[in-house]
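The values are calculated or read from the model by the stated rules, or taken from the named source; none is laboratory data. Just so it is clear, the model here is predicted, and its values are computed rather than measured. All Cβ positions, glycine included, derive from the backbone under ideal geometry; neighbour counts span all protein chains shown.
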Amino acid sequence: MATVTMTVNGKTVSQEVEGRTLLVQFLREGLGLTGTHVGCDTSQCGACVVHVDGKAVKSCTMLAAQADGCQVTTIEGIAKGDILHPVQAAFREHHGLQCGFCTPGMIMSAVDMIERHNAKLDEATIRHELEGNICRCTGYHNIVKAIKAAADEISGSLAAAAE
Ligand code: FES
Ligand code: FES
């Protein structure tokens, strides 16, 4: 057992974990942050995506001990109180979900994607970037539409802020 300490959604947390504890187990079972899902055991589905030091990571592929000292953000940490993150709002507006199981991972991947591309995204890039996220329900069209809408909105806000 070892003690790991990290900042999760802005709060410092410290817990004893076994060396084999995955980051996703630590978040779900240790901290009760069950918005991060586990959809496979082969690192393929992307339901477990969180941000570690600002980068999207499949939290089933990382040990909790490897996140020691890191800043972790989960789906529970992106809204501002009652105000949804623009990507969350766009998924709701554009019906980017059905059962919702893939949605936390999709949204965390989308937020990272939008940041990396400075909110300049076309449909082909979004589809390419979503390679690591699997949805069994939607056929992806509305997910892509939602991410494009969020990127366009964020791009507009960035442009307005720069004027
Ligand atoms: Fe992590 Fe499927 S649970 S990729
Ligand atoms: Fe059901 Fe994506 S909405 S898996």
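Residues in the stretch 111-130: is at least one among the β-branched types (Val, Ile, Thr), within 16 Å of ligand 1 (Cβ to nearest atom) and either farther than 19 Å from LYS55 by Cβ or at pLDDT 95 or above (or both)? Within the stretch 111-130, none of the residues are among the β-branched types (Val, Ile, Thr), within 16 Å of ligand 1 (Cβ to nearest atom) and either farther than 19 Å from LYS55 by Cβ or at pLDDT 95 or above (or both).
Across the stretch 131-142, the qualifying residues are those that are more than 20 Å from ALA56 (Cβ to Cβ) and touching a residue at least 24 places away in the same chain (Cβ under 8 Å), and the one among them that is farthest from ligand 2 (Cβ to nearest atom) is ASN142. Just to be sure I understand, how many residues within the stretch 143-156 are surrounded by fewer than 20 Cβ atoms within 10 Å (Cβ to Cβ) and touching a residue at least 24 places away in the same chain (Cβ under 8 Å)? Here the count works out to 6. Annotation: of all residues in the stretch 41-58 being in contact with a Lys or Arg (Cβ under 7 Å, 6 or more places away or on another chain) and within 16 Å of ligand 2 (Cβ to nearest atom), the one that is farthest from CYS70 (Cα to Cα) is GLY46. Looking at ILE107, is it of a type in the set (A, V, I, L, M) and within 29 Å of PHE26 (Cα to Cα)? For ILE107, the condition - of a type in the set (A, V, I, L, M) and within 29 Å of PHE26 (Cα to Cα) - is met. Each residue in the stretch 72-120 was checked for being over 17 Å from LYS58 (Cβ atoms) and either among the polar types (S, T, N, Q) or within 16 Å of ligand 2 (Cβ to nearest atom) (or both), and 14 pass.
Identification of strands (runs of 3 or more DSSP E) wholly contained in the stretch 1-109 with 1 or more residues that are within 20 Å of THR138 (Cα to Cα), in contact (Cβ under 8 Å) with a residue 40 or more places away in the chain and of a type in the set (Ser, Thr, Tyr) yields no element.
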